[in-house]
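The values are calculated or read from the model by the stated rules, or taken from the named source; none is laboratory data. Quick caveat: nothing in here was measured; it's all calculated off a predicted structure. Glycine gets a Cβ as well: all are built from the backbone with ideal geometry, and neighbour counts include every protein chain shown.
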Amino acid sequence: MVRRELMGAVEMSRQEAARQGEVMYAKPEAAAAFKAFFADPTQENAIRLLEEAPPCRRYFEACCPGGLFSFYKDLGIDQKPHLRFIGEDGFYPAWVMRDGRWVFQRTLITVGASMSGVAEMAAERVLGSDQVIVWVPPLGKPRGRQEELEALRQLAMMRLRCYGEDCNLSSTPVTKCVGQTGGGPEGWRLSCPHCAEVVGPDLEPVIAERIVARWEEAGRPALEDSGACSLFASTPAINDLRAWLAKNDDPSNLELAYLGQQMWPDIVSMLRSLDEPA
Ligand SMILES: [Zn+2]
């Protein structure tokens, strides 16, 4: 079981490195330990792996009796059920019309106690889980240069902000914030050319009061929750946004943006509308 989970994690890192035009590098001793353990997951090889690559300990713990992965296995659930990030295993929420558009990513629900770190660890395996916005590719349309240009065009219509050092991006062309192109815009990592931190739209205008106003206007639709996690099977739809806000004290602008985008045709029109005075 540990072997399967670890192989999945290593494969994800490898693919991620390949996407960024890099080759994954591991210390020769650690690489040899991985190889030995994958070929023959004995206790001896496991101990060697833990010595050479201590972060793997979290995987072993999760697979121990009482650990997260064992827990799911005991329930007879092979595929760990959890709230998925957009793009994870090709998952796109129903409310995304598939014309090819940027959407706000879900936020990570962190968990404490013995499960602490597991959600983050699982999220690391999902491309784009750390991104503020991610591209949802068009459905049933030819992919290629045209799609890339459309993704860039939409990006250029947003006021982008550096989430790290808050570097001034006002004169930075959007192409500079898009790392490696190729593999489709859903693989782009938006980052600041100055400090390498995540870049996304300016969320300052996204405030609860305006999102609630829109929700009332739209006839109080049910909204999909903004959290994603490797632990919870599902989160009920938000049927009463006011009650949700009262319960979730001070939600982040990103959580509000996740909810808000479900009520506009796209996030560019949402951000423009929120920029205007109420
Ligand atoms: Zn920056």
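Structural remarks
- Near pairs, Cβ below 6 angstrom, 6+ apart or cross-chain, from region 191-206 (over 16 Å from Ala156 (Cα atoms) and within 7 Å of the ligand (Cβ to nearest atom)) to any residue that is assigned to a loop (DSSP other than H, G, I, E, B) and of a type outside the set (A, V, I, L, M): His194/Cys167; Cys195/Gly164; Cys195/Glu165; Cys195/Cys167; Glu197/Tyr163; Glu197/Gly164
- Count of residues meeting criterion [part of a loop (DSSP other than H, G, I, E, B), farther than 23 Å from Leu127 by Cβ and not small (Gly, Ala, Ser)] in region 170-223: 10
- For first residues located in region 88-117 and in the same structural domain as Glu147 (by TED's automatic domain parsing) and hydroxyl-bearing (Ser, Thr, Tyr), partners that are in a helix (DSSP H, G or I) and modelled with pLDDT under 90 and lie 6+ apart or on another chain with Cβ distances below 7 Å form the pairs Thr110/Ala119; Thr110/Glu120.
- Enumeration of residues in region 235-268 that are free of Cβ contacts under 8 Å to residues at least 40 places away in the same chain and part of a helix (DSSP H, G or I): Leu241, Arg242, Ala243, Trp244, Leu245, Ala246, Lys247
- Among the residues here, Arg214 does not qualify as within 15 Å of the ligand (Cβ to nearest atom), within 27 Å of Leu245 (Cα to Cα) and crowded, with 16+ Cβ neighbours inside 10 Å.
- Restricting attention to region 146-175, the residues being more than 11 Å from the ligand (Cβ to nearest atom) and loosely packed, with under 15 Cβ neighbours inside 10 Å number 9.
- Test result for Ala222, in contact with a Lys or Arg (Cβ under 6 Å, 6 or more places away or on another chain) and away from the ligand (no atom under 16 Å from the Cβ): no
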